[in-house]
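Working notes, structure below.
What follows draws every value from the coordinates through simple rules; no lab data is involved. What you are looking at is a predicted structure, and each value in this text was computed from that prediction instead of being measured. Here the Cβ is made from the backbone with ideal geometry for all residues, glycine too, and neighbour counts use every protein chain on show.
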Amino acid sequence: PTPLRGPPPPTGDWWFRCPSPPPPTVSPRILQQSVFVFPREKAKKEAMRAGLRVSELVVDAVNGGVQESFLNQKRIESEIRSLSATISRFHKHTDQWLAASRALNTAIKEIGDFENWIKVMEYDCKSITAAIRN
């Protein structure tokens, strides 16, 4: 026979519901606790375990979204670092092209200045030659 749950029976034959007959030195109060209180404590422990499991499942459900967001954030940060490095390389190349175009522009100006100086010198030589002939 298995112990029954609920209030003790009023007739006093509650010890018949115990798995074994009560030893003569055990008080009826201890037997009543073993029949009614211990199963209640077991049920309380089971309810605590179930509550803990439910809270773990809720935390896992919430953390799943958080973990996915965290991974997405890490991917985005990685892409940002990659794009930043690419932008930095393009910036260096642009600076190099700008320096090269400025150098070319300066060289063209110098060629123009030299060309102008040659024209001035040619005019001066023609002037001097004309003065000497006359």
- Which lysines have a Cα lying under 21 Å from the Cα of K119, excluding residues fewer than 8 positions away in the same chain? K109
- Task: State the extension gain, in nm to one decimal, for the chain segment bounded by H91 and E46, taking 0.36 nm per residue of separation less the distance between their alpha-carbons.
- Result: 9.6 nm
- Query: Simple spin-label model, 7 Å along Cα-to-Cβ: E56 to W117 in nm?
  - Reply: 8.9
